[in-house]
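**Student:** Below is the structure I would like to discuss, written out as structure tokens.
Throughout, read-outs are computed from the coordinates displayed, never taken from laboratory work. Since we're looking at a predicted model, the values are computed, not measured. Cβ coordinates were reconstructed from backbone atoms using ideal geometry, including for glycine residues, and neighbour counts include every protein chain displayed.
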Amino acid sequence: MSQEVNKRRLRAGIVGGGAGAFIGAVHRIACELDGQALVVAGAMSSDAKRARESADAWYLDRSYDSFQKMAEEEAGHPQGIDFVIIATPNNLHFPVAKAFLEAGIHVVCDKPMTFNVEEALELVRIVEKSGLIFALTHPYNGYPAVQQAKTMVANGELGDIRKVQVEYSQDWLLEPVAKTSLKQAEWRTDPARAGASCCVGDIGTHGENLLEHITGLKIESLCADLTSFEPGRKLDDDASMLLRLQKGAKGYLTCSQIACGEENNLNIRVYGTKSAIEWHQQNPNYLTIKPHGKPWETWGRGSGYMGDPAKAITRTPHGHPEGYLEAFATLYKLIIADVRRVKSGQSRQGGYPTARDGLRGMQFVVKAVESSTLGSVWVDMP
């Protein structure tokens, strides 16, 4: 196995992501971008006809009507998949992940990790007992500028962190699009499929993960105000929250899917006692450095002065932009390398979000909902 797996592309499967889905195609492109893996099998819809048509459109070798059958047959197939991608609504993340982990197949899952915290706790137990890789796709961690920011904080170049501000604003739920059968809006605003939250679960978790990833500081408590502005909408489409972080730092996180005119406006600012950093996802190749008492600096991805961790995940020369697909692919590059290591009996190196990060995200969602429901009071994170 150890020799065989290092002489070929890895074989991937996908559950969900069929016709009409958004994130499935993104996963496929990211998975295949570096030529290390190929998606060969899928259970791409709960509707058998759509599943077959979606698999045919992707030229997959094997199509399945159910994820249960896929997990069972791929585990015994002579050229079965090495890992599976989960790109379904939230309520299916846990049962799909469980089925493939129990079949001995590594898992890459879209966020949030599960439908609720109870499932998240159980999934962590299953993952750690299995010894298999479980990776969660927070793709914004894959940008070289984000890695540079993380390195600078870790090296103490910002001094002691005092304040962190995160904003993630969109406007795609400004109107009642779920009523027009837009697939993404339909399930994300449905408590039976999305879980306890829409906006916080969908994009607020990205803000939480990015904050903790860059700063290394955990959120200790929060005070949240969640709102559903669209009449009749059962889940939140906007949220604002104050954060208390480790080491006495304070934070503010806002996320909205009804912010008129916004596309995918994710920003983070980290303020220390020596310097500050600022990064914007819609202009991701640049990191703004704000040293105390000195002129601001703009650092460009691919430049020679960037640190080694940022250089290691840079694909194109300086001045040639990299974007969302490349950042997403960086996670897959790290995951695939670890799948090879585990299958070869070597130690994994990580660098991507794990089941523990997924549990953290689910706890964040639940505590934000709890705080808002109780009248925007302070609640402690586990």
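**Student:** Within a 10 angstrom radius of the beta carbon, how do Lys234, Lys7 rank from fewest other beta carbons to most? Walk me through the numbers on the way to the answer.
**Tutor:** On the way: Lys234 13, Lys7 6.
In increasing order of surrounding Cβ atoms, one gets Lys7, Lys234.
**Student:** Shifting gears a bit: Where the only charges are on Cβ atoms (+1 Lys, Arg; -1 Asp, Glu), what is the dipole of the range 184-252 about its Cα centre, to the nearest 20 debye? Working shown, then result.
**Tutor:** On the way: 8 positive and 11 negative charges, 62 e Å.
Using Cβ point charges on Lys, Arg, Asp and Glu, the range 184-252 gives about 300 debye.
**Student:** Report, by chain and number, residues whose modeled amide H sits under 5 Å from the one on Ser221, excluding near sequence neighbours (fewer than 5 apart, same chain).
**Tutor:** Arg244, Met381
**Student:** Based on alpha-carbon centroids, what's the gap between the range 299-345 and the range 1-35 in Å, whole number please?
**Tutor:** One Cα centre to the other: 17 Å.
**Student:** Nearest 20 debye, what's the magnitude of the dipole of the chain about its Cα centre given +1 on Lys and Arg Cβ and -1 on Asp and Glu Cβ?
**Tutor:** 1020
**Student:** How would you classify the range 200-261 from its alpha-carbon gyration tensor, with a ≥ b ≥ c the square roots of the eigenvalues: rounded for a/c under 1.5, else prolate if a/b is greater than b/c, otherwise oblate?
**Tutor:** Here the range 200-261 falls in the prolate category.
**Student:** Could you give the size of the charge dipole of the range 1-158 about its Cα centre, using +1 on the Cβ of each K and R and -1 on the Cβ of each D and E, expressed in debye and rounded to the nearest 20?
**Tutor:** Details: 15 positive and 19 negative charges, 43 e Å.
Once rounded to the nearest 20, the dipole reads 200 debye.
**Student:** Can I ask one more? What ranking do Ile85, Ile336 get, fewest neighbouring Cβ atoms within 10 angstrom at the top?
**Tutor:** Listing Ile85, Ile336 from fewest to most nearby Cβ atoms yields Ile336, Ile85.
**Student:** Counting residues in the range 270-382 as N, plug N into 2.2 N^0.38 Å and put the Cα Rg over that result.
**Tutor:** So the range 270-382 has a normalised radius of gyration of 1.43.
**Student:** Still on this structure, I have one more. For the range 1-150, what class follows from the C-alpha gyration tensor (a ≥ b ≥ c being the square roots of its eigenvalues): rounded when a/c is under 1.5, otherwise prolate if a/b is larger than b/c, else oblate?
**Tutor:** rounded
**Student:** Hey, another quick one. Order by neighbour count: Met241, Met113, Met306, fewest other Cβ atoms within 10 Å first, most last.
**Tutor:** Fewest to most other Cβ atoms nearby, the residues stand as Met306, Met241, Met113.
**Student:** What is the distance in Å between the Cα centroid of the range 169-229 and that of the range 90-146?
**Tutor:** Result: 18 Å between the Cα centres.
**Student:** Can you classify the chain as rounded, prolate or oblate using the Cα gyration tensor, where a ≥ b ≥ c are the square roots of its eigenvalues, rounded means a/c under 1.5, and otherwise it's prolate if a/b beats b/c and oblate if not?
**Tutor:** Oblate, because a/c is 1.5 or more while a/b does not exceed b/c.
**Student:** I need the phi-derived Karplus couplings for the range 39-56: 6.51 cos²θ - 1.76 cosθ + 1.60, θ = phi - 60°, integer Hz, Gly and Pro marked x.
**Tutor:** 7, 10, 8, x, 10, 8, 6, 6, 8, 4, 5, 5, 4, 5, 5, 5, 5, 5
**Student:** Given the options Gln147, Met113, Thr180, identify the residue whose Cα lies farthest towards the positive end of the charge dipole of the chain (+1 on Cβ of Lys, Arg; -1 on Cβ of Asp, Glu).
**Tutor:** Gln147
**Student:** In the Gaussian network model of the chain, springs joining C-alpha atoms below 10 Å, which of Met152, Met362, Met44 carries the largest mean-square fluctuation?
**Tutor:** Comparing Met152, Met362, Met44 in the GNM, the peak value goes to Met152.
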